[in-house]
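This report concerns only the one structure given below.
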Amino acid sequence: MNKITTLIAVSVLLLMISIILKYNMPDNVYTTMDQRVSHPYPFIKDSIESHHLGDDYTLHFVTDTADNIYYFRFIGKEVNFYGSLANLNDLGAEFYGINIQNNLDNNEDKLFIGMIANGKIETVTLNDSNENLQYFNYKGYSFVYSSTSIEEPFMIKGFSSDNQLIYEELYEGPRE
């Protein structure tokens, strides 16, 4: 009987140690995102969603305690684009987007990411093209991503599920 009690005690102790280690070990993606951006509200660790984009690229979404949505694009373990896209408590527009182009080591790197805040918009086009667009769902909203070059200004059009044009805007830069 004494051996069984010892075995149970050791098993419980090992289980507790593994739980403590799991929740206290830093998550590399979370830690990198948290340290990379100055933000007044803490990120919600459980809100992180990751989407593999091909090659070594990954797009991560995270929300803070004030419901601001942030995006991070990683190449491997390094962040190369990041920012805040919208606040879920203050959605006054139908579409939020950001278009970034950087020259890294003489290679142009591009990113367009948009959040479709109007639930009636099913798909979008950028300058009448839907090529190279990837869609993701996060927090009940659709997001669109592209890594192709888009010269500003450009036209964003939103279409309903029956392909009717229901949104049109000339994109000249991110909303303030």
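The values are calculated or read from the model by the stated rules, or taken from the named source; none is laboratory data. Treat the numbers as computed from the prediction; the structure is a model and nothing was measured. Every residue, glycine among them, receives a Cβ derived from its backbone with ideal geometry; neighbour counts consider all protein chains shown.
With respect to (1) at pLDDT below 90; (2) more than 27 Å from Ser47 (Cα to Cα); (3) surrounded by fewer than 16 Cβ atoms within 10 Å (Cβ to Cβ), the lone exception for Pro174 is condition (2). Please tell me if Ser161 is crowded, with 16+ Cβ neighbours inside 10 Å and more than 19 Å from Ala93 (Cβ to Cβ). Answer is no for this residue.
Return a yes/no flag: does region 129-145 have any residue that is farther than 26 Å from Ile75 by Cβ and among the basic types (Lys, Arg). No, every residue in region 129-145 fails to be farther than 26 Å from Ile75 by Cβ and among the basic types (Lys, Arg).
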